[in-house]
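A short write-up of the structure that comes next.
The values are calculated or read from the model by the stated rules, or taken from the named source; none is laboratory data. On a predicted model such as this, the values are computed, not experimentally measured, just so you know. Here Cβ is always computed from backbone atoms with ideal geometry, including for glycine, and neighbour counts include all displayed protein chains. These area figures cover heavy atoms from the full protein model, side chains too; ligands, DNA and RNA do not enter into them. Shrake-Rupley method; radii C 1.70, N 1.55, O 1.52, S 1.80 Å.
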Amino acid sequence: MREYQRYAAVVAVFAAVLYAALLVAGFGMISLLADLEVIPVTDAGPLVGPGMAAVAVLLVFALLLWLGLRASPRRQRVALGYAVGTGIAAFLGFVVAGSVLYLLGNGPLFSGLTFAAAVLREPFAATTGILAFVVTLLYSLVLASRMNEHGRPLWPWERPDE
């Protein structure tokens, strides 16, 4: 693995952790301010919500790695379209994972669809997609900003020209 790929992978790990933290904080604030439950269906069980969030975080992490590892530093750009696609993928992954997990716990196929409809009525699925968009955009900005650097970042007193 080349140095820029190691850098992209490490930054992707930090970005995925940031995304998970933003999800927890965002869900908590929305739930507190709007007096809403994150999982609107009462018989969903305790693992459906964390499973949905975990799928979204893992999906975003995989897409960040894909973005960071496939392009050389000279070809890195701010990826607005890729960020939009990642946001949509996280949104869909959140809803589909919840439907599948609810379906596995409750049985009939129709219950998974009603769960998806209930989740789509709440702001949490949209928050998942919006935060994925923001984190992916910032990740691509960080990678693109290192385009002309070679090696590790240097402190001002370490640079030979100063």
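Kindly establish whether Val142 is open to solvent by 50 Å² or more (accessible area, probe 1.4 Å) and part of a helix (DSSP H, G or I).
Here the answer is yes, as Val142 does meet what is asked.
Which residue out of Gly105, Gly68 is open to solvent by less than 20 Å² (accessible area, probe 1.4 Å) and touching a residue at least 24 places away in the same chain (Cβ under 8 Å)?
From the options Gly105, Gly68, the qualifying one is Gly68.
Quick check: anything in the stretch 140-147 in contact with a Lys or Arg (Cβ under 8 Å, 6 or more places away or on another chain) and at pLDDT 80 or above?
Yes; the residues of the stretch 140-147 include at least one that is in contact with a Lys or Arg (Cβ under 8 Å, 6 or more places away or on another chain) and at pLDDT 80 or above.
Scan the stretch 108-128 for residues that are open to solvent by 20 Å² or more (accessible area, probe 1.4 Å) and not polar (S, T, N, Q) and report the count.
10
Tally up the residues in the stretch 27-48 that are without any contact (Cβ under 8 Å) to a residue 12 or more places away in the chain and surrounded by 19 or more Cβ atoms within 10 Å (Cβ to Cβ), please.
Going through the stretch 27-48 one residue at a time, the tally reaches 0.
Can you tell me which residue among Val24, Val13, Val55 is β-branched (Val, Ile, Thr), buried (at least 18 other Cβ atoms within 10 Å of the Cβ) and assigned to a helix (DSSP H, G or I)?
Val55
Which of the residues belonging to the stretch 71-84 are surrounded by 15 or more Cβ atoms within 10 Å (Cβ to Cβ) and in a helix (DSSP H, G or I)?
Selection gives Pro73, Tyr82, Ala83, Val84.
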